[in-house]
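The values are calculated or read from the model by the stated rules, or taken from the named source; none is laboratory data. Model, not experiment: these values are computed from the prediction. Cβ placement follows ideal geometry from the backbone for every residue including glycine, while neighbour counts extend to all protein chains displayed. Each accessible area value is taken on the protein alone, full model and side chains, heavy atoms only, with ligands, DNA and RNA left out. Shrake-Rupley method; radii C 1.70, N 1.55, O 1.52, S 1.80 Å.
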Amino acid sequence: THAPVNVTVTGAAGQIGYALLFRIASGQLLGTDTPVKLRLLEIPQAVKAAEGTALELQDGAFPLLAGVDIFDDAKQAFEGTNVALLVGARPRTKGMERGDLLEANGGIFKPQGEAINAGAADDIKVLVVGNPANTNALIAQAHAPDVPAERFTAMTRLDHNRALAQLAGKLGVSVADIKKLTIWGNHSATQYPDIFHAEVNGKNAAEAVNDQNWLENEFIPRVAKRGAEIIEARGASSAASAASAAIDHVHDWVNGTPAGDWTSMAIPSDGSYGVPEGLIASFPVTCSGGSYEIVQGLEINDFSRAKIDASVQELSDEREAVRKLGLV
Ligand code: NAX
């Protein structure tokens, strides 16, 4: 076994936090030979609720859980941390303009970026889940100049997993039969789930589907609007599935993607596929040895190009908006 890995979770008392913490404590984030120390960050009003969750974590008697500490101060919460899951964010409330939303989240992700810069471990890996996830990641990254930029990522794995499930359902196969699916762009309604390079039991998925109408008018909108569908059905937003995707994202980043497959992560663009450098955009990536690489050389057809460009344009607009607010 290794020394305990410090994992900081923000928004720990929220609904994603509640689903996420038990999965981490059980060893599903980093592997079943890696003990973890949890560092929970909450706002002062929610610290008591986080303490309640910590009691339940204790009652889980998880052999890999080496401790739980609770903070309402970012500097302390990120001290020595190896993995940071930034879940807590300011949701959009009724009548809120986009500028207000970005500004409110700037008030959260700027100090958290600074705290990561000041005190996190050298091998820090950051996953932003709290929305608008891509741009929140950009803000945090901008305030952590001493941390390599590529350590800041945002979550599109839930979208990836949703797309896998929809495609498997359409073709009557298991999700395990599908490989090389990609989410491109922003974690928002403009995201583009791409099946043109995906394989189903070794055959091209788009050819296996052979139904452009389904692709355009059912699959893509269903994946992109799945969050709203869940809210409608459940009366609350996706929580356990979001937590599960966060586990998958970090697990694969740390432990690698399987040979012959890739996953989707929103990462700082290096200019690949015409995505402006620096934008935190979702790409097809492979992971190995604790780092990731964008899958290169995929042919992008006109249909995909237009969808990718539209989502990337939205990311550029968000970056422009936070630049104007002085947040990046
Ligand atoms: P909840 O409202 O249940 O929990 C959020 C928690 O964050 C609250 O306990 C709150 O006190 C805490 N918080 C707020 N500001 C904080 C700060 N500055 N420091 C520490 N904690 C803070 O929301 P939940 O359902 O858990 O969702 C969390 C975030 O995930 C939301 O922004 C949501 O939009 C986002 N999602 C992102 C997804 C993705 O795929 N990237 C999917 C699921 C989810 O919608």
Test: residue in region 311-320 that is touching an Asp or Glu at 6+ places or on another chain (Cβ under 8 Å), at pLDDT 95 or above and open to solvent by 60 Å² or more (accessible area, probe 1.4 Å): no
Residue list for region 152-186, restricted to those being of a type in the set (Gly, Ala, Ser) and farther than 16 Å from Ser241 by Cα: Ala168, Gly169, Gly172, Ser174, Ala176, Gly185
Filtered residues of region 188-238 (kept if within 16 Å of the ligand (Cβ to nearest atom), of a type outside the set (A, V, I, L, M), in contact (Cβ under 8 Å) with a residue 60 or more places away in the chain and open to solvent by less than 50 Å² (accessible area, probe 1.4 Å)): Ser188, Thr190, Gln191, Tyr192, Ser238
Selection from region 170-184 of residues that are within 24 Å of the chain's Cα centre (by Cα) and farther than 20 Å from Met265 by Cα: Ser174, Asp177
Qualifying residue in region 57-68 (condition: within 16 Å of the ligand (Cβ to nearest atom) and surrounded by fewer than 18 Cβ atoms within 10 Å (Cβ to Cβ)): no
Residues located in region 87-101, provided they are open to solvent by 80 Å² or more (accessible area, probe 1.4 Å) and assigned to a helix (DSSP H, G or I): Arg98
Check on Arg92, under 24 Å from Arg234 (Cβ atoms) and either touching a Lys or Arg at 6+ places or on another chain (Cβ under 6 Å) or at pLDDT below 95 (or both): yes
Scope region 1-42; condition open to solvent by 10 Å² or more (accessible area, probe 1.4 Å), within 16 Å of the ligand (Cβ to nearest atom) and either part of a helix (DSSP H, G or I) or modelled with pLDDT under 95 (or both); matching residues: Gln15, Ile16, Tyr18, Ala19, Phe22, Arg23
Region 111-146 - residue that is part of a helix (DSSP H, G or I), surrounded by fewer than 19 Cβ atoms within 10 Å (Cβ to Cβ) and of a type outside the set (Asp, Glu) and, of those, nearest to the ligand (Cβ to nearest atom): Pro111
Residue check for Gly172: away from the ligand (no atom under 16 Å from the Cβ) and open to solvent by 40 Å² or more (accessible area, probe 1.4 Å): yes
Any chance Gly80 is open to solvent by less than 30 Å² (accessible area, probe 1.4 Å) and more than 16 Å from the ligand (Cβ to nearest atom): yes
